[in-house]
Structure formats: C-alpha cells, structure tokens
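Below you'll find the structure, written out as structure tokens, and then a few comments.
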Amino acid sequence: MHSSLALIWTITAATTLLQAGNGLLQALMPLRMQAEGLSVSSIGVVAAAYGLGFSTGCFLAPSFIRHVGYIRAFASLAAMVSVLVLAMTQAHSTLAWILLRGLTGVTLACIFTVTDGWISARATSSHRGRILSVYMICTKVTLMLSPLGIGLGDIRMDGLFMAVSALISLSLLPIAATTTKEPAAPQGVRIEVKKLFATAPSAVVGAFVVGLVNGPVIAITPVFGVTIGLGQDQAAALLFALQAGSLTMQWPLGWLSDRADRRYVIAGLAAGTSLVSLLILWASAQGANLLILWAFAAWGGLALCIYSVCVAHACDIVEPGQIVSTIGTLLFSWAAGVTVGPLFGAMAMEAIGPQGLFIYSAVAALGLTAFIVVRILRVQRSPAKGGFADIAPSSSASASLTPRADIKAEDQPVGPDAEPHQAPGGAEAADQKEASAVARIETSS
C-alpha cells in the first residue's frame, strides 16, 4: 500500500484540494444566483452552459496537454479556475454567470483529463485496485463533505467564493512540488455515436439519459431545497446525501454488475431512480425533512451510478482496442444530455413548482427503464464476465482506468470458437475483482 501511495500522492492531494473547492462551489453558485434574483430558468441555462463548456473541454484537453505537458497544464488551468471563481463575486447578470460557468466547465474538464491521465499512467494491472481505491475514495469523500462548508459563511458575501478560490489555488502546491516524471501525453479520441449505438444502444441511451437527469438535479438541488423551505445549510446537505448514497452503493453495485447482464442493473437503477423521485415529491409535500435527506441519499445511490454501469456494459461488447473511443463516445452522449437536461429541469420547476424537478426526473428515468427492458426482450446477452469500475463522466482519459484497459487486442482469441470479450484469468482477473468496487468521483456538474 505504501508503494502505491508513493506513486500517486501528489496528484491525489492536488485533486482532493481541487474537489474540496469544486464541491463547495456546486452548492454555493445556485444559492448565490437565487439570492441575486435570477429565475430558476436562468439558473438552468447557467448549468447548461457548464455542460457545454465541460464537453468542449473534454475534447480540447488532449491537444493542450500534448503541447505543454501535464504539470504545466494543471498549474495553468487551476490558476484560471481560481480567477474565474473570484470573478463570480462580481457577476450580477445571467450573461455573466453563463460566460463564467461555461469557462469553468472547459477548464475543469481539462483538469480532470490531466488527473485521469496521470492516475491511469500509474495504475497497472499489478496495483490498479489499490491505486484507484485510494485516489477515488479520497476525492469522492471530499466532494461529498465540502458542500457542508456552505454553513461557514453568508452566500450574499464574497467570503465563500474566496475560500473556493483558495482551495483551488492550494491544489497547485502538490503538483509544483512533485519530483516524479510526468506521464506521456494522452491521445485524441474518436467519437462514433452511430457505430456504438448499433453495437451497444443501451449504453449510449443510458449515458444520454444520465446527463438529462443527473445534470439538472445536481445543479439545481440547493435551489430546490431552499424553495421547499429548507435552510441553506440543509439545502447544501442534500448534495452531501447524493454523494454519500453514491459512495455507499459502489461495493454492492460492483459485485452485482459483475455477475449479471448489466442491462438488468441499468434498468433496475433507472426504475429505482423513478420511484425514489416520487418519494422525494411525497416527502417534500409532507415537510418530512429527515426523510427527504434519506431519499436524496437513495437517489444518489441509484442515479449517480448508472453511467459507470453503462460504460462497463459497452466495454464488455467492444474490442479492447476500441475502449478509448467507446468511453469518449459515451462521454459525448452524456455531455449532450447534461447540456440540455438543466434546461428541461428548470422549465419543469418554472411550470409546476419545485416538485417539477423530480417529476421530470421520474419521467426521464422511467423512459430509460422502458427502453432497456425492450432491449433485453429483443436481444439476449450472457452475464458479465467481471471488470466493473465506477467510472464517472470526467474525461476520455478515464478509459485507461477501466479493468480491461490492460487487455491488448492481440491477446484476444480469434475464430468461431473464441469468446473475444471475456475478462482475462489468473492474477489479472483477481486484480479486476479488486477494482470492481472502487469509488469514483462524480464531477458531472
């Protein structure tokens, strides 16, 4: 374990500090925008700008990193995010928020490509599970706890934004102090939506609907909480509950997803998301604040885990040499959903009231359930062979974090009796099991 930590301590420390600022920012921005008098629809447009910026950054990042290297890329991008956060203290119009949030989407996507690429370069088959578990649990727990910092200041003042900027600036220190050699620059990624849809339609549609649902819920949840009568501390705690539920479900979902047709898991998660959305509606109507918190934890444990199962399902089907392109295509599908999803979620809240957000969530998740069930009835697949890892929609570099990343195409058997997509045996299979329940950061919004 000590040798594994030595390989990744700098990037883990940097990402932990960065996510501490990012998690607090997720809770702070919608509450600040609401306090500035922006409508729910305007907040939804700002969230959509983040999705558009994030998707753009995912595909600009490889060429930027190849040009300046990992360390310089991280340093310059983190400095830019820090400045953008400070600029938010002077944002008093919807257009200003759109521009600033869109730019933070671009820069954060590039930063996550740096961190994913750095970690994937260190995560070989001999210690993949240990490296990923340390890195991802540290960052996930930080992202979960940091929204609670909203109670340390007044959202109408600039102190919390200054704290976010300070945390992001501090993330530069471990990177600047590193003495390790930076990894080789990442390659570009090909986007082949039509081709992947023909091969794994459940994964493509699932990734898109994840963006449609998770994007607005994460972006607008603090506003939802305040609108139904919660204090700003309690509203921020809803984000904590979402991430805590997601973290809790990693182990059981990793176990289950590696032992069944993953489409059953996707359908079950989507159906559960729809039901829990209705539970949130009922609990908010009753004013049952404790039940609302638990319901949000259940929602996070279901909805925030769908994307990783979609990735695992697609990677079960495609050739090993296509994994990077596959994850890049699923990332593109997610980005399309997260760009338009906040618009739909905000429109539902404007038309129906705060409950509209989870009516929208319930309907969208139910639609995904129906699509997956139809696919299961039409096409039978054998149970998965193992190798689940909870990969969030962060960058195409996360392709190398999947357990099958070490499988080379030439190692696969060919011919009529071959099973080309079976996970490897022996030590590598044991390593895949170790990586199965790794907790992955959720940075989609």
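The values are calculated or read from the model by the stated rules, or taken from the named source; none is laboratory data. Bear in mind the structure is a predicted one, so any value in this text is a computation, not a measurement. For neighbour counting, all protein chains shown are included, and Cβ atoms are generated from backbone atoms with ideal geometry for every residue, glycine included.
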**Fill in**
Quick count over region 55-69, residues being small (G, A, S) and under 16 Å from the mean Cα position of the chain (by Cα), is 2
**Message:** So if I check each of L357, L279, which one is over 18 Å from A219 (Cβ atoms) and of a type in the set (A, V, I, L, M, F, W, C)?
**Reply:** L279
**Residue satisfying all of: in region 27-54; within 18 Å of the chain's Cα centre (by Cα) and surrounded by fewer than 24 Cβ atoms within 10 Å (Cβ to Cβ); nearest to A346 (Cα to Cα) among these** = A49
**Fill in**
Considering residues that are at pLDDT 90 or above and farther than 23 Å from G337 by Cβ, the number found within region 234-261 is 6
**Request:** Being outside any helix (DSSP H, G or I), farther than 30 Å from A241 by Cβ, touching a residue at least 60 places away in the same chain (Cβ under 8 Å) and β-branched (V, I, T) is the filter here, so list the residues in region 139-198 that pass it.
**Result:** T178, T180, V189, I191
**Prompt:** In this structure, is M157 of a type outside the set (K, R), surrounded by fewer than 24 Cβ atoms within 10 Å (Cβ to Cβ), modelled with pLDDT of 95 or more and over 23 Å from the mean Cα position of the chain (by Cα)?
**Reply:** no
**Criterion violated by H92 - all others in (1) in contact (Cβ under 8 Å) with a residue 60 or more places away in the chain; (2) not in a helix (DSSP H, G or I) satisfied** = (1)
**Message:** If the requirement is being farther than 23 Å from A370 by Cβ and free of Cβ contacts under 8 Å to residues at least 24 places away in the same chain, which of these qualifies: A348, A288, A335?
**Reply:** A288
**Request:** Among residues belonging to region 108-120 that are buried (at least 24 other Cβ atoms within 10 Å of the Cβ) and not aliphatic (A, V, I, L, M), point out the one that is farthest from the chain's Cα centre (by Cα).
**Result:** W118
**Request:** Check whether at least one residue in region 223-231 is among the polar types (S, T, N, Q), in contact with a Leu (Cβ under 6 Å, 6 or more places away or on another chain) and assigned to a helix (DSSP H, G or I), and report yes or no.
**Result:** no
**Asked** Is it true that some residue in region 311-327 is surrounded by fewer than 24 Cβ atoms within 10 Å (Cβ to Cβ), closer than 21 Å to V223 by Cα and not small (G, A, S)?
**Response** no
**Prompt:** Looking at this structure, is V134 buried (at least 18 other Cβ atoms within 10 Å of the Cβ) and at pLDDT below 85?
**Reply:** yes
**Asked** Hey, F224 hits all of (1) farther than 23 Å from E350 by Cα; (2) buried (at least 23 other Cβ atoms within 10 Å of the Cβ) but one; which does it fall short on?
**Response** (1)
**Scope region 13-61; condition in contact with a helix residue (DSSP H, G or I) (Cβ under 8 Å, 6 or more places away or on another chain) and not in a helix (DSSP H, G or I); matching residues** = L38, S39
